[in-house]
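In what follows, a single structure is set out as structure tokens and then discussed.
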Amino acid sequence: MKKQLVSLFAATALLLSSALSASAGTAEPEQSAPAAKLATCSDPISNRYDVTKVPTVVDPDNMLRSFVHMDQVLPYSIIQTGSKARPFKRGKIVDLSTITYRFNGETRKFADLLNRSRTNGFLVIKDGKIVNEQYFNGNDSCTRFTSWSIAKSYVSTLVGIAVDEGKIKSIDDNITRYVPELKGSGYEKATIRDVLQMSSGVVWNEDYGDKKSDIWRMVQDVVFKQMPVKDFIQKLRGGELHTFNYKSPDSEVLAFLIENVYKKPLHEVLSDKLWKPLGMTSDAYLNQDLNHRDFAFSFINAPLRDLAKLGQLFMQDGEWRGEQIVSAKWVKEATTPVDADLQPNAAAPHFGFQYQWWVPEGAKFGQEFSAIGSYGQYVYVDKDAKVVIAKVSAYPVNSIYQDYEEITAFREIVKAVS
């Protein structure tokens, strides 16, 4: 999310194609029919993919389609839901059409932000009930949206569950205690906590403007040369420990940890520990590399209501229908920046960071936080107000200032629904 940050796909697209249009036209969102009322979704997932589509995934002219059809681009695994869906109930619908907010000294309309950011879906949950739900561009409540780096927050939650279950003794253990394959790599001295905080010390440059950066090298090796992600990460070298530096490989390492302690691939753990217990409305899918290994830093594709359930779970201190899915202790710890370099405006402009969650400036720690993905994907939580906001978009510009504008607008929406 830190905004030289784009996904691996973004780098791939930039490398293979000519420069993206610097100022893509902002298409008027086409609002869909009212949200589906079905408790479950059965929209098919494509059984064919075409990796030659990779170069155009983040082309502004194609984003609106590709962001809801990643099953047609890369290999994937299925994150299975259980036999019984637990849909959100509907509350009293709140009209947000006239909401305004102040940003950069201007009064702006939320309706204009929805349009400018090319929103695909928008959902507000208050007290566990849907109070506003809108879909655009032909999408609906069963559409599976790619969530980009929101996936990181799902993966870090699995670490918390593994700690609660005793699969991980302590996050202050060295990561190599559980992932011995990383001995001799740049991760050898890093603790699990370091990796959760993206402070692993691994030398990494995620600057997409630098064709010699590590993220470009990762694209070359993993995508074009079909090197397994783990092989690439094993070759990374170490640097200064305990210092925040946003890097996608840290999220991949968390997946190695989860897969090793549960002895299952990531998509099966997501199914067992989150999709089935939370009663998701639909099977999701998780894109893979060309060696059919699950990605962890991105690419969970699911209906918006299901993406929002992670926020609702954290809003409820990890409890779901009488079952403690993840401990309240973990929820608070995961969303409370403690180190100086993780504080808002230290980790990034306007934002702090903890265990793969972002905390906006001015937030009450542990009470207001967000999962954020590139190009306008959000699962925002205000625990005091008991509000969860989920938004998926196809915004052509990847900007941390855009993210903060969205959070500013969300804060006004919280006031409106409260």
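The values are calculated or read from the model by the stated rules, or taken from the named source; none is laboratory data. No experiment lies behind these values; they were computed from the predicted model shown. Cβ atoms come from the backbone with ideal geometry, glycine included; neighbour counts cover every protein chain shown.
Only one of (1) crowded, with 24+ Cβ neighbours inside 10 Å; (2) under 15 Å from the mean Cα position of the chain (by Cα) fails for VAL387. Which number is that?
(2)
Kindly indicate the residue of the stretch 140-156 that is touching a strand residue (DSSP E or B) at 6+ places or on another chain (Cβ under 8 Å), assigned to a loop (DSSP other than H, G, I, E, B) and not hydroxyl-bearing (Ser, Thr, Tyr) and also surrounded by the fewest Cβ atoms within 10 Å (Cβ to Cβ) among those meeting that condition.
ARG144
Need pairs with beta-carbon distance below 7 Å; first residue more than 17 Å from PRO360 (Cα to Cα) and within the stretch 388-402, second at pLDDT 95 or above and part of a strand (DSSP E or B); sequence gap 6+ or separate chains.
VAL392/ASN120; VAL392/GLY121; VAL392/PHE145; VAL392/GLN377; SER393/THR119; SER393/ASN120; SER393/GLN377; ALA394/ASN120
Only residues that are touching a residue at least 40 places away in the same chain (Cβ under 8 Å) and surrounded by fewer than 19 Cβ atoms within 10 Å (Cβ to Cβ): list them for the stretch 62-87, please.
PRO75, ILE78, GLN80, GLY82, LYS84, ALA85, ARG86, PRO87
Determine, yes or no, whether GLN226 is touching a Leu at 6+ places or on another chain (Cβ under 6 Å), surrounded by fewer than 18 Cβ atoms within 10 Å (Cβ to Cβ) and not basic (Lys, Arg).
Yes: the conditions hold for GLN226.
Give the stretch 310-368 a look and list any residue that's among the aromatic types (Phe, Trp, Tyr), out of contact with any Leu (no Cβ under 8 Å at 6 or more places or on another chain), buried (at least 24 other Cβ atoms within 10 Å of the Cβ) and not in a loop (DSSP other than H, G, I, E, B), or say none.
If the condition is that a residue be among the aromatic types (Phe, Trp, Tyr), out of contact with any Leu (no Cβ under 8 Å at 6 or more places or on another chain), buried (at least 24 other Cβ atoms within 10 Å of the Cβ) and not in a loop (DSSP other than H, G, I, E, B), then PHE314, PHE351, TRP358 are the ones that fit.
Please work out which one of (1) in a loop (DSSP other than H, G, I, E, B); (2) charged (D, E, K, R); (3) closer than 24 Å to SER141 by Cα is the condition ARG411 fails and give its number.
(1)
Just need a number here: residues in the stretch 163-177 that are of a type outside the set (Asp, Glu) and either buried (at least 23 other Cβ atoms within 10 Å of the Cβ) or in contact with a strand residue (DSSP E or B) (Cβ under 8 Å, 6 or more places away or on another chain) (or both).
From the stretch 163-177, those of a type outside the set (Asp, Glu) are 163, 166-171, 174-177; that's our starting set.
Among the residues that remain, those that are also either buried (at least 23 other Cβ atoms within 10 Å of the Cβ) or in contact with a strand residue (DSSP E or B) (Cβ under 8 Å, 6 or more places away or on another chain) (or both) are: 171, 174-175.
Residues meeting the conditions: 3.
Taking GLN220 as meeting all but one of (1) more than 21 Å from GLU259 (Cβ to Cβ); (2) at pLDDT 95 or above; (3) surrounded by fewer than 24 Cβ atoms within 10 Å (Cβ to Cβ); (4) of a type in the set (S, T, N, Q), write down the number of the exception.
(2)
Quick check on the stretch 89-110. Is at least one of its residues in a loop (DSSP other than H, G, I, E, B), under 22 Å from the mean Cα position of the chain (by Cα), at pLDDT 90 or above and surrounded by 16 or more Cβ atoms within 10 Å (Cβ to Cβ)?
no
Between a first residue in the stretch 128-145 that is at positive phi and a second residue that is assigned to a loop (DSSP other than H, G, I, E, B), which pairs have beta carbons less than 7 Å apart while being 6 or more apart in sequence or on different chains?
GLY128/PHE88; ASN137/PRO29; ASN137/GLU30; GLY138/GLU30; GLY138/SER32
Within the stretch 283-296, can you find the residues that are part of a loop (DSSP other than H, G, I, E, B) and crowded, with 24+ Cβ neighbours inside 10 Å?
PHE295, ALA296
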